[in-house]
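Below is one structure, written out as structure tokens; the observations come after it.
Any read-out appearing in this document is the output of simple, stated calculations on the displayed coordinates, not a laboratory observation. This structure is a prediction, so every number in the text was calculated from the model and none was measured. Here the Cβ positions follow ideal geometry from the backbone for every residue, glycine too, while neighbour counts run over all protein chains shown.
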Amino acid sequence: MTQGQSDNTDIRLDKWLWAARFYKTRAIAKEMINGGKVHYNGQRAKSSRNAEIGAVLKIRQGYDDKEIVIKKLSQLRQSGAIAQELYEETATSLAKRAINAEQRRLNMLNNPIPDQKPDKKQRRQLMRFKDL
């Protein structure tokens, strides 16, 4: 066992999410948990809840929903390689995220972003077209 990793279960969920590098600060982790973006074993969690090995977390980050299983506990924020050893993402979660990413990519191809903003004349034409 490396420094900062332990088998005891007195590690807060917000601290574990921070150590596993899901969030940049503990304050953001706490805010996301209290905002309902993190579910612990299928239920809304509190930031003070103790993280346990084998627990299933559902985390909403941006467009993605991640389902992970806690493998190790750590109180220290370390390198990304070490942080990835703390959890394992489920196969169904990986498949869903790949499908969603592909759908977003295809949507961007069908609705490309224009190279520049419309000028005043073009904005007026758009407003007339939209009937605003």
Note down the Stokes-Einstein diffusion coefficient of the range 66-126 in µm²/s, whole number, using a Kirkwood radius over alpha carbon pairs, 20 °C, and 1.002 mPa s.
136
How large is log10 I(q)/I(0) at q = 0.21 Å⁻¹ when the Debye formula is applied to the Cα atoms of the chain, each weighted equally and without solvent?
-1.21
Springs between alpha-carbon atoms under 10 Å, Gaussian network over the chain: tell me which of Asp119, Asp64, Asp14 tops the mean-square fluctuations.
Asp119
So how much slack lies between Lys71 and Met127, counting 0.36 nm per residue of separation and subtracting their Cα-Cα distance, in nm?
14.7 nm
Could you identify which residue out of Lys72, Lys121, Lys46 has the top mean-square fluctuation in a GNM of the chain using Cα springs shorter than 10 Å?
Lys121
Rounding to the nearest 20 debye, state how big the charge dipole of the range 1-130 is about its Cα centre with +1 on each Lys and Arg Cβ and -1 on each Asp and Glu Cβ.
1080
